[in-house]
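The values are calculated or read from the model by the stated rules, or taken from the named source; none is laboratory data. Worth saying up front: this structure is predicted, and the values here are computed from it rather than measured. Quick reminder, even Gly has a Cβ in these numbers, built from the backbone with ideal geometry, and neighbours come from all protein chains shown. Ligands, DNA and RNA are stripped out before the accessible areas are found, and what is left, the full protein with its side chains, is counted by its heavy atoms. Shrake-Rupley method; radii C 1.70, N 1.55, O 1.52, S 1.80 Å.
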Amino acid sequence: MAQPLFQAPPGTRDLMPPVTDRMRAMVAIFADEATKAGFGQVTPPMFEDVGVFVRIGESTDVVNKELYTFEDKGGRTIALRPEQTASLCRVFVQRRPLTPWKAWYFGANFRYEQAQKGRYRQFDQVGAEVIGSSDPDIDTEIIALAWRFYERIGLTNVTLLLNSLGDAADRGRYTNALRTHFTEHRGSLTEQSRETLDRNPLRVMDSKRQPDQAIIDAAPLLGDFLSDDARTAFDRVQAGLTALAIPFEIAPRLVRGLDYYNRTTFEFVAPGLDAAQNAVGGGGRYDGLVANLGGPDEPGIGFALGIDRTLLACDAEDAMQGPDTTAQVWVVVTAEGIEGLEVADRLRRAGIRADRTESGRSMKAQMKAANKSGAAVAVVIGPDEVRDEQAGIKPLRGQGDQTTVDNQQIVQAVQEFL
Ligand code: HAM
């Protein structure tokens with residue numbers, strides 16, 4: 001085949017069945033879990049004033065290198081959303097819903113990343129946020145929502161990594177300790193990490209580059225710098241997870257790729273995937289973000305799960321097959337009229353997946369299509385059936401002879417085969 005004139009841009013994919021079917025089913029399960037837990041669906045726009053996203057943190061790759069920004073025809077500087085937490089905080093500030101505000105969302109996000117398997121420039125997330133509560137039991141509930149979702153889609157090989165980033169003052173003391181440590185070892189760090197160190201020593205902990213690992217392993221731990229308040233809250237979250245029998249691992253070096261976090265932070269990792277993209281989801285508290293966007297000083301917590309990666313993790317353990325979309329009935333019509341259209345429409349209105357071959361094809365071609373389709377039964381209508389107001393019911397896949405029923409009995413007759 002000749003090279004097509006246009007191809008999907010790097011880092012994007014054309015999602016097609018069965019992937020689209022599985023994704024849709026996954027989102028429906030998430031919607032159901034979120035609704036049961038009292039969350040309402042919110043759909044913010046896919047683009048916002050760039051300022052909304054700059055609040056994610058100016059030293060993060062997401063803001064620094066990966067934002068899709070452009071000037072619109074009205075001269076506004078717009079960015080495609082790289083995630084939806086900042087968007088939801090903007091919604092909260094603008095609309096001022098009652099607190100605690102519990103919102104879930106689904107949709108595409110855009111990051112100009114180095115594209116590879118599981119890392120795309122356009123990717124889908126489902127997520128949930130609670131704004132206006134600092135109750136640590138909400139942290140547990142939020143984590144439980146994600147965990148129950150994974151359980152329901154049948155994904156078993158997921159590890160919950162948990163950490164507390166403390167409060168700003170804790171992080172200030174910790175950042176100083178890290179700066180001292182990394183500066184002592186500056187010569188052995190990769191060039192990227194040296195640059196990161198000048199901007200934000202905390203971010204160096206995020207490096208997955210091999211030469212940095214030994215220095216990161218020897219760095220001080222944030223857990224040793226937590227205030228009593230932050231420590232008590234973190235203990236309560238752990239007690240909550242234990243009470244709900246949700247297993248977790250404390251990951252004292254877990255640093256998320258966005259800057260707005262404090263206190264509880266977490267990641268869901270699928271060990272079956274490559275290390276660079278084995279995080280199938282993540283989240284945490286972002287107590288200053290709403291205020292940072294010009295709103296009241298309301299705390300927040302939430303998470304987002306990558307649909308694309310979750311699906312890859314499902315593939316690794318044969319989970320989440322998605323709905324059966326094959327036709328159940330094939331309508332074969334060799335008469336001249338439009339009976340085929342009418343019968344297919346009637347079956348569909350009765351909730352049956354029914355399909356047909358284009359009009360005017362030979363009986364042989366239509367039966368071949370029927371057999372190939374995977375349908376359980378064919379409805380066969382020739383000139384005789386049209387004259388007698390009848391239809392043939394022919395079991396496909398092996399046994400059973402064709403029977404004849406009244407035209408009005410077609411739906412009941414095929415139902416016996418489904
Ligand atoms: P995040 O860790 O940047 O957090 O993204 C959450 C999940 O989205 C990741 O664990 C991953 O599964 C998926 N993801 C991220 N980038 C890509 C990509 N380029 N390709 C495919 N999948 C990707 C957030 O987005 C925060 N908004 C989460 C949050 C909500 N925190 C508090 N509330």
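Quick one: what do you get for the range 241-337 if you divide its Cα Rg by 2.2 N^0.38 Å?
Rg over 2.2 N^0.38 Å, computed on Cα atoms: 1.75.
To make sure I understand the rule: partners must be lysines, Cα under 22 Å from the Cα of LYS208, and not fewer than 8 residues away in the same chain. Which ones qualify?
Within the straight-line limit of under 22 Å, LYS208 reaches these lysines: LYS65, LYS117.
Hey, what angle do you get for helix 228-243 against the long axis of the chain, alpha-carbon based, 0 to 90 degrees rounded to 10?
30 degrees
Gain in length, PHE6 to THR175, computed as 0.36 nm per residue apart minus the alpha-carbon separation, to one decimal in nm? Can you show the working numbers first?
Details: separation 169, 0.36 × 169 = 60.84 nm, distance 4.79 nm.
The span from PHE6 to THR175 would gain 56.0 nm if fully extended.
Near the amide H of ARG356, under 5 Å away, which other amide H atoms are found, from residues 5 or more places off or on another chain, if H is placed in the peptide plane?
Residues meeting the amide H criterion: VAL331.
For THR357, THR180, what's the largest-to-smallest order of accessible area, 1.4 Å probe? Numbers along the way, then the final one.
Working: THR357 20, THR180 80 Å².
Listed by decreasing accessible area, they come as THR180, THR357.
Using each residue's phi in the range 22-37, evaluate 6.51 cos²θ - 1.76 cosθ + 1.60 at θ = phi - 60° and report the 3J(HN,Hα) Karplus result to the nearest Hz, with x for Gly and Pro.
5, 5, 4, 5, 5, 5, 5, 5, 5, 4, 5, 4, 5, 5, 4, 8
Please report, as a whole percent, how much of the solvent-accessible surface of the chain comes from carbon and sulfur atoms (probe radius 1.4 Å).
50 percent
FRET efficiency for ASP49 and LEU418, Cβ-Cβ distance as r, R0 = 41 Å, nearest 0.05?
For ASP49 and LEU418, the calculated efficiency is 0.20.
Starting from the Cα-Cα distance between ALA275 and MET363, subtract it from 0.36 nm times their residue separation and give me the gain in nm to one decimal. Spell out each step's value before the answer.
Details: separation 88, 0.36 × 88 = 31.68 nm, distance 5.41 nm.
Once the chain is fully extended between ALA275 and MET363, it gains 26.3 nm.
Quote the accessible area belonging to ASP32 in square angstrom, nearest 10, computed with a 1.4 Å probe and with ligands, DNA and RNA left uncounted.
For ASP32, solvent-accessible area is about 70 Å².
Against the longest principal axis of the chain, how steep is helix 307-316, in degrees 0 to 90 to the nearest 10, with axes from Cα atoms?
Computed tilt is about 70 degrees.
Compare ARG24, ARG81 by solvent-accessible area with a 1.4 Å probe and give them largest first, with all protein chains kept in place.
The ranking, largest first, comes out as ARG24, ARG81.
Provide the convex hull volume over Cα atoms per residue for the range 329-415, in Å³.
Numbers: hull volume 7.2 nm³, N = 87.
Given the Cα convex hull of the range 329-415, per-residue volume reads 83 Å³.
Tell me, what is the per residue accessible area of the chain in Å², probe radius 1.4 Å?
49 Å²
With the Cα gyration tensor of the range 187-319 giving a ≥ b ≥ c as the square roots of its eigenvalues, does the rule (a/c under 1.5 for rounded; else a/b larger than b/c for prolate; else oblate) give rounded, prolate or oblate?
Details: a/c = 1.43, a/b = 1.02, b/c = 1.41.
Rounded is the answer for the range 187-319, as its axis ratio a/c remains below 1.5.
Let me know the Kirkwood hydrodynamic radius for the chain, please, with Cα pairs as the basis and the value in Å to one decimal.
Hydrodynamic radius (Kirkwood, Cα only) of the chain equals 24.8 Å.
Say we join alpha carbon atoms closer than 10 Å with springs in a Gaussian network model of the chain; which of GLY398, GLY382, GLY272 then has the biggest fluctuation?
Of the options given, GLY398 has the highest mean-square fluctuation.
Points 7 angstrom from Cα along the Cβ direction at ARG13 and ARG349: gap in nanometres?
Result: 3.9 nm between the two label points.
When the label point is put 7 Å from the Cα of ASP235 along its Cα-to-beta-carbon vector, which residues of the range 282-303 have a backbone N closer than 19 Å?
No residue passes the distance filter.
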